[in-house]
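Reviewing the structure listed below.
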Amino acid sequence: MRILAIETTCDETAAAIIGEDLTISASVVASQEALHEQYNGVVPEIAARAHVERMLPVIQQTVQQSGLSLANDIDAIAVANTPGLAGSLLVGVTAAKALAMCLDKPLVAINHLHAHVYACQLEAQRDVFPCVGLIVSGGHTHLYQYANALSPEYLGGTIDDAAGEAFDKVASMLGLPYPGGPAISKIAVKGDAKTHQYPRSFIRDDRLDFSFSGLKTAVRYSITGPGNIPVDSVKLDDQQKADIAASFQQAVVDCLVAKAVQAVERTSLNRICVGGGVAANRVFREQLKEACDAKGIELFIAPLKYCTDNAVMGAIAFEKLKAGLVEDLSVDILPGLVRV
């Protein structure tokens with residue numbers, strides 16, 4: 001059995017053809033980074049229009065890359081319909097509906113967040129459930145308890161900015177390019193993470209929540225001092241930027257690692273799976289592994305190439321197909337955060 005999976009939740013237009021044994025026949029991702037760079041973040045209207053332009057070429061390229069036939073070799077169409085930007089989601093869901101109708105194939109709607117966790121199974125090549133799942137990306141920072149791939153229980157998450165969003169905003173303050181995560185990681189290598197003692201919200205609390213808004217504000221004050229001084233009016237040298245980046249990155253990593261371990265200990269599952277764009281951060285990966293090794297926790301992190309948005313993680317659709325969970329053409333988008 002093979003599926004064609006489509007991903008358009010934010011600013012990547014992606015498609016992939018995946019086998020039930022998790023073999024990947026083709027995967028194509030069209031990035032929009034260049035379109036949004038000048039705005040230091042994703043502009044929803046621009047993202048939606050770009051998806052319209054790129055959706056069909058991406059699907060065509062995926063099919064050509066696989067050497068397969070949509071009509072004869074594909075058994076189902078999968079698409080992420082939640083959560084995400086409304087305009088972006090509409091493009092992907094509309095394309096999936098059209099293909100399902102024309103090809104007379106089952107249609108599977110998947111949750112983008114849980115697909116990020118399922119990407120860990122692509123690396124493990126075995127069942128990674130039950131587990132604690134940590135999704136950490138530009139728009140989401142959330143913890144779930146999974147009895148299986150389709151049974152998430154929300155444990156906690158960010159009450160304001162997501163970790164990736166904080167990276168983008170701090171990068172903008174430092175005059176670094178978008179996306180902020182890779183830019184900050186690059187210069188942080190030359191910085192001293194102990195230069196600034198930034199806050200680590202909730203790190204000693206029992207609640208499994210995150211907050212990065214105060215951290216972002218602390219970074220701003222370390223650049224400008226108190227008052228309404230524009231950030232771009234302050235000239236920092238390269239070392240100052242590197243020290244701020246390293247200190248900020250360490251504060252985020254400390255929060256993510258602490259809460260991930262805390263969630264595992266609370267649920268007694270002893271396994272954690274991590275996905276999302278921020279999961280590509282080297283310092284985070286290394287320090288989470290160290291913490292898990294020290295506690296005897298089994299750790300799976302999505303492969304680097306599947307941390308950022310992609311359609312391969314749409315392989316979670318096989319779990320829904322096995323359970324008989326398919327949609328008719330009335331299926332709709334569910335933008336924004338859906339916690340289940």
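The values are calculated or read from the model by the stated rules, or taken from the named source; none is laboratory data. As the structure is a prediction and not an experimental result, all values here were calculated from the model. Ideal geometry is used to build each Cβ from the backbone, glycine not excepted, and the neighbour counts take in all protein chains shown. Surface accessibility is based on the protein's heavy atoms, side chains included, excluding ligands, DNA and RNA. Shrake-Rupley method; radii C 1.70, N 1.55, O 1.52, S 1.80 Å.
For region 154-191, run through the trypsin sites (Lys or Arg not before Pro) and keep only the ones in DSSP coil with at most 16 other Cβ atoms within 10 Å of their Cβ. Please list the in-between numbers first.
Numbers: sites: 169, 186, 190; in loops: 190.
Within region 154-191, the qualifying trypsin sites (Lys or Arg not before Pro) (loop, at most 16 other Cβ atoms within 10 Å) are 190.
Express as a percent, rounded to the nearest 5, the fraction of DSSP beta bridges in the chain (both residues included) that run antiparallel.
On the way: 25 of 43 bridges.
Counting only bridges with both partners in the chain, antiparallel ones make up about 60 percent.
Using the Cα gyration tensor of region 101-183, with a ≥ b ≥ c the square roots of its eigenvalues, what is the shape: rounded (a/c below 1.5), prolate (a/b larger than b/c) or oblate (neither)?
Working: a/c = 2.27, a/b = 1.60, b/c = 1.42.
Prolate shape, in that a/c is at least 1.5 and a/b is the bigger ratio.
Rounded to the nearest 20 Debye, what is the dipole magnitude of the chain about its Cα centre when Lys and Arg each give +1 and Asp and Glu each give -1 at the C-beta? Could you put the intermediate results ahead of the total?
Working: 28 positive and 38 negative charges, 113 e Å.
Charge dipole, the chain, about its Cα centre: 540 debye, nearest 20.
Which of the GluC sites (Glu not before Pro) found in region 18-52 are loop residues per DSSP with 12 or fewer other Cβ atoms within 10 Å of their Cβ? Mind dumping the intermediate values first?
On the way: sites: 20, 33, 37, 45; in loops: 20.
Answer by residue number: there is no such site.
In the neighborhood of residue 27, defined by Cβ-to-Cβ distances under 14 Å, what is the net charge if each Lys or Arg adds +1 and each Asp or Glu adds -1? Kindly include the intermediate steps, with their values, before the conclusion.
Values: positive: 2, 305; negative: 7, 12, 309.
With Lys, Arg at +1 and Asp, Glu at -1, the neighbours total -1.
Mind putting a number on the dipole of region 186-340 about its Cα centre? Charges go on the C-beta only, +1 for Lys and Arg and -1 for Asp and Glu, and I need it in Debye to the nearest 20.
Values: 21 positive and 19 negative charges, 56 e Å.
Dipole of region 186-340, to the nearest 20 debye: 280 debye.
Given a 1.4 angstrom probe, I'd like the percentage of the accessible area of the chain that is carbon and sulfur, rounded to a whole number.
Working: 7290 of 14390 Å².
With neighbouring chains kept in place, the figure for the chain is 51 percent.
Please report the net charge: other residues with Cβ closer than 15 Å to the Cβ of residue 99, K and R +1, D and E -1. List each step's numbers first, then the result.
Working: positive: 2, 97, 105; negative: 7, 73, 75, 104, 327, 328.
Here the charged neighbours net out to -3.
Let a ≥ b ≥ c be the square roots of the eigenvalues of the Cα gyration tensor of region 1-143; is it rounded (a/c under 1.5), or, if not, prolate (a/b larger than b/c) or oblate? Walk me through the numbers on the way to the answer.
Numbers: a/c = 1.75, a/b = 1.10, b/c = 1.59.
Oblate, because a/c is 1.5 or more while a/b does not exceed b/c.
If you count only protein heavy atoms with a 1.4 Å probe, what accessible area per residue comes out for the chain, rounded to a whole Å²? If you can, show how the numbers build up before the last one.
Numbers: 14390 Å² over 340 residues.
Averaged over the residues of the chain, the accessible area is 42 Å².
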